[in-house]
Each structure stands twice: as structure tokens, then as C-alpha cells.
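The values are calculated or read from the model by the stated rules, or taken from the named source; none is laboratory data. Treat the numbers as computed from the prediction; the structure is a model and nothing was measured. FYI the Cβ positions are ideal-geometry reconstructions off the backbone, even for glycines, and counts take in every protein chain you see.
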Amino acid sequence: MNNVLIIGIEGAVGAGLASTIQQSHTVTGIASRSGINIAGCRIIHATAHSSASVQQHIQSERPNWIIFCGAASRSSWDTDSVRNSAIPDKHAIEWATAAANAGIEFSMISSDAVFTGPWMLHKEDDEKHFCETPQAERLRQIESTVLELNEDALIIRTNAFGWSPDSDTPEFAESLMESLDGGMPIEIDFLRHAAPILATDLGMMLLKSRSEELRGILHIASAERFNPFQFAERLAEMADLPQPAFPDHTILEGPVTGFGKGETTLDCSLSTKLLGVRMPQIDDGIGQFIQQAEDGLLNQIRSRKTQVSRAA
């Protein structure tokens, strides 16, 4: 059985990947804050990602596969505070370098927010429509550096949603459900568009990508283009919650700009061809997301008992 080390397991994507991958692999997670307990996973609380710290983790855990889930793995529809609370993506460079030197497979979860619209699907090589914000430019530079230092690395651009392993730090879909359920005002828009995918579905696609030995940059997302308000409407309908109030009409005087603020929908035709599978529908993902709160998965990623917890 392979040993998988997930960096940033405290996020919804890291936890969702862990819950899927641990069905066939041994999973250890590194979390930047304490109190993260995922049933069946070993959890290490660590905040340092220096070369020495990374080497120490690799030597002690001896992983066959490292998956990095930093700030970019958080949905581009999430708030800046949620993304900023995650492990900085710059640390992916140190982990990718160490993985290359040790002959360990390396994957990084990146973001659809490297792109911006208007009104188009973005292929992996769509350089004409790169977002020009400093955040997007830094992320693309990190992607490039990772691939320069580790030519066998796999970078997945996506926009994933799921349950956080920490109820105090909910991410986009969970926060949205809590607001709908509590009748609280919701600040969402209908201008941004993306193709959100459930984190556990992303996990299945990532496993398939590994079995096919894919390398480079790959887009994995849902098969539909949605905006946040449409997502909220569908979530409310399927969870039998009050419908959100339609946001105020906005008169646009120019293209929508900002990191994750415009058109970031990913063209997944390459991954569909290489993986031989269809991308999931958003309704299926939202339905599974709701069901996961009832079928045990949410309790699994918020386990009260952890197998291993230590500071490093």
C-alpha cells in the first residue's frame, strides 16, 4: 500500500482528498493548525516548511506521493481571509524540489483564478486570458517554478468545494449552506463564472490521473458553468432551504476584474480525453455534498479522535 502525504489537510480540499484516497492508500496529513482530526489519517501539526523541515517529514514519513494543498486549493469563490489562512503556495516549491530529489511523486492543487474572462472556457495553455492581478501572477510563477524544478510534477487547476474538517473555519459551500439555513444575508454575485467540483470527486480524478502517470498542468472541474448565485439557488433547492434573495442589479462599465472575480471556467477536454471519463455535473456534486453530512463522511473528517498528533 502506498503512503500519501497531504500538505494542507486542514482545508476542505485536503480533507476531501484524504477521505477518498485513504480508501486505497495510507494517508498522513500535515496541518498548519492544531485540532484537525480525520478518522483513518495520521495528522501532524506543523507550521514550518523550510528545507530542513521538509526533509525531516520526508525522512520520517517516507511517502510515495506528496499532494500539496495550499491557498490556491481553496475555491476562488471563497473570501480572501479563507484563502489567506491556508498554507502559502510558495511552499509548494520546497516540497516539489524535495520530492524530485527523493524520487517521490508530487501533485499540487492550483486554482482556476489564474484566468479571467470574458465569456470563454480556458484551456491549459490559454496564455491570452491570464488574470493580471498580482495574486494570479505569483501563482503562475509558482506553477512554473514547480515544473522547472520537478519535471514529473502534476499541477491540477480546479475550483473545488467541500466540508472543512474544522467547523470553525467553513469554506464557500459550507458557509453558504449555514447562511441559507439561518436566514442570514448572503453576499454573492452572478458576475463570476466557474465550474465548481466536489472535493471528493476531485479526489477520484486525482487518483485516476496518477494511475495514468500524467504530468504537467491539467484542468479538472465540473461539466457545467455556474455563477455563485446559481450555485446558491441550486444548493437551497436541493437542501430544502430558503431561496437566496436576488443580488442587486449591477451596471457594468467594463470587464469584471480581480482574482477569481471574472470568468474562470476551465476547459476540461484534455483531462476528459486523457482520463477517459466525463467530468461530473454540478447537481451531482451538490447532492453528494448534502448527503455527506448525513452518510458519515462529515463525522469522519471531524473525528474526535486522531491516530497521531504531534508538533514538528
(message) List the residue pairs whose Cβ atoms are under 6 Å apart, where the first residue sits in segment 71-89 and is closer than 18 Å to Phe231 by Cβ, the second is among the aromatic types (Phe, Trp, Tyr) and crowded, with 20+ Cβ neighbours inside 10 Å, and the two are 6 or more positions apart or on different chains.
(response) Ser75/Phe161; Ser75/Phe172; Trp77/Phe172; Asp78/Phe172
(message) As an exercise: evaluate Val82 against (1) β-branched (Val, Ile, Thr); (2) under 30 Å from Ile290 (Cβ atoms); (3) in contact with a strand residue (DSSP E or B) (Cβ under 9 Å, 6 or more places away or on another chain) and give the number of the one condition it does not meet.
(response) (3)
(request) Within segment 25-50, track down each residue that is among the polar types (S, T, N, Q), within 20 Å of Ser107 (Cβ to Cβ) and at pLDDT below 95. (result) Ser32
(message) Checking Leu270 against (1) on the phi < 0 side of the Ramachandran plot; (2) in contact with a Lys or Arg (Cβ under 9 Å, 6 or more places away or on another chain); (3) modelled with pLDDT under 95, only one condition comes out false. Which one?
(response) (3)
(request) Could you check Leu191 against (1) of a type in the set (A, V, I, L, M); (2) touching a Lys or Arg at 6+ places or on another chain (Cβ under 9 Å); (3) under 17 Å from Asp267 (Cα atoms) and say which number it fails? (result) (3)
(message) So Ala86 ticks every box in (1) assigned to a loop (DSSP other than H, G, I, E, B); (2) among the aliphatic types (A, V, I, L, M); (3) modelled with pLDDT of 95 or more but one. Which box is left unticked?
(response) (3)
(request) Consider only pairs whose beta carbons are under 7 Å apart and that are at least six residues apart or on different chains; among these, list those whose first residue lies in segment 108-128 and is within 21 Å of Lys90 (Cα to Cα) and whose second residue is hydrophobic (A, V, I, L, M, F, W, C) and surrounded by fewer than 15 Cβ atoms within 10 Å (Cβ to Cβ). (result) Val114/Phe130; Phe115/Phe130
(request) Look at segment 17-57 and say how many of its residues are free of Cβ contacts under 8 Å to residues at least 12 places away in the same chain and either touching a helix residue (DSSP H, G or I) at 6+ places or on another chain (Cβ under 7 Å) or part of a helix (DSSP H, G or I) (or both). (result) 1
(message) Quick check on my filter: what residues within segment 210-234 are buried (at least 20 other Cβ atoms within 10 Å of the Cβ) and part of a helix (DSSP H, G or I)?
(response) Pro228, Phe231, Ala232
